[in-house]
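Notes follow once the structure below has been shown.
The values are calculated or read from the model by the stated rules, or taken from the named source; none is laboratory data. Keep in mind that this is a model prediction, so the values were computed, not measured. Glycine also receives a Cβ, built like all others from the backbone with ideal geometry; neighbour counts cover every protein chain displayed. In case anyone asks, the SASA skips ligands and DNA or RNA and just uses the protein heavy atoms, side chains included. Shrake-Rupley method; radii C 1.70, N 1.55, O 1.52, S 1.80 Å.
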Amino acid sequence: TVLKQATLYLVRISDVASRKIIGYAFGTSENADLVKKALRMAIQTADNVAPLEFISDNGSAFTVAEVKSALNLIFKKVRNIKPGNSQENPAEMHVKILTNMCRGNNNWLYSGFNAHAIKNTTNPDYFPKPSELPSMEASYQQALDAIERYNNTPWGADGLTPNERFEHKNPACKALEPRVLRYAFGQRTQVDLSYMRGFVNVHRVDNGYSVPFKFEIPNYEQTIHLISERLGYQSHAKVMVCWDETAADIYTPEGTYIL
């Protein structure tokens, strides 16, 4: 058996007020898909409540155009901490607490384990042997267990856990519009409406099979004039469709909403 050693990346999204980890995603590389999976879970955990501000480190996955457009659509304010100033990120403390909870896994690799000075923060004497490293499945479970312990550990004078504190929401909170969620997390398909009289035909691939979906364009005879106007009366009506199983939204290829 040939074993391949890989690094496990965990993107975590915390609600700063309660300290609860409300979204997370695992992967072998830190990329846009990982961030969007964690973000989608966070929004769902919060019952689609419109959030206020998003702050992250300067990881490349948070700065790609695909992620930035989704963040700017969902949050009222989006910013990254200043390089070299981790203390500016209020989630930094939560990261350290969760990391300490993971210290109980002796088969994890900690580059700074038991380090007391900058010169020995990467001391290989503290690294476990490759044969002692956990499998990817075991790593997932250990990380999930740590998140569960973290969310159920009381903190503060009231003794509430992050899970309990998260239940106390401002009654003035409003839910995100479904169109926002479809644009951020739904399927995206470019089609030419010139060949779809009154309908939008798209498909999704599930387990190698193409699953078709058909959406009706309301008031087609009037709506097609609006679409043509927004597209600049081009000979072809190529549009971007952002959709899920419930509805579809039509945008220009550049991302301007039509209907």
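At-a-glance table
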item: Rounded, prolate or oblate (a/c below 1.5 giving rounded, otherwise prolate when a/b exceeds b/c) for segment 168-257 by Cα gyration tensor; result: oblate
item: Residues whose placed amide H lies under 5 Å from that of residue 237, excluding near-sequence neighbours; result: 193, 194
item: Table column - 3J(HN,Hα) (Hz), segment 51-68, Karplus curve with 6.51, -1.76, 1.60, x for Gly and Pro; result: x, 9, 10, 10, 10, 9, 6, 9, x, 4, 5, 8, 10, 6, 4, 4, 6, 4
item: Computed magnitude of the charge dipole of segment 166-259 (debye, nearest 20; Cβ of K, R +1, Cβ of D, E -1); result: 80 debye
item: Cβ-Cβ FRET estimate between residue 190 and residue 6, R0 fixed at 30 Å, reported to 0.05; result: 0.30
item: Nonlocal amide H pairs with residue 54, under 5 Å, H built at 1.01 Å; result: 77, 78, 79
item: Per residue, in Å², the accessible surface of segment 1-63 once ligands and nucleic acids are set aside, probe 1.4 Å; result: 55 Å²
item: Rounded to whole Hz, the Karplus (6.51, -1.76, 1.60) HN-Hα couplings of segment 143-155, x for glycine and proline; result: 5, 4, 5, 5, 5, 5, 5, 4, 5, 10, 9, x, 8
item: Segment 163-259: trypsin sites (Lys or Arg not before Pro) in DSSP loop, at most 10 other beta carbons within 10 Å; result: 174, 197
item: Extension gain (nm, one decimal) between residue 209 and residue 233, 0.36 nm per residue minus Cα-Cα; result: 5.1 nm
item: Cα gyration tensor shape for segment 1-76, rounded if a/c is under 1.5, else prolate or oblate; result: prolate
item: About the Cα centre, charge dipole magnitude for segment 1-53 (Lys/Arg +1, Asp/Glu -1 at Cβ), debye; result: 180 debye
item: Estimated FRET transfer efficiency when R0 is 45 angstrom, pair residue 131-residue 220 (beta carbons, to 0.05); result: 0.10
item: Solvent exposure, largest accessible area first (probe 1.4 Å, DNA, RNA and ligands not counted), of 194, 56; result: 194, 56
item: Segment 199-259 and segment 127-157: distance between their alpha carbon centers, rounded to Å; result: 44 Å
item: Under 5 Å, built H, 5+ apart or other chain: amide partners of residue 23; result: 13
item: Sparsely packed chymotrypsin sites (Phe, Trp or Tyr not before Pro) within segment 197-259, loop by DSSP, other Cβ within 10 Å at most 14; result: 233
item: Long pairs among 36/214; 169/214; 82/238; 20/129, criterion Cα-Cα beyond 29 Å; result: 169/214; 82/238; 20/129
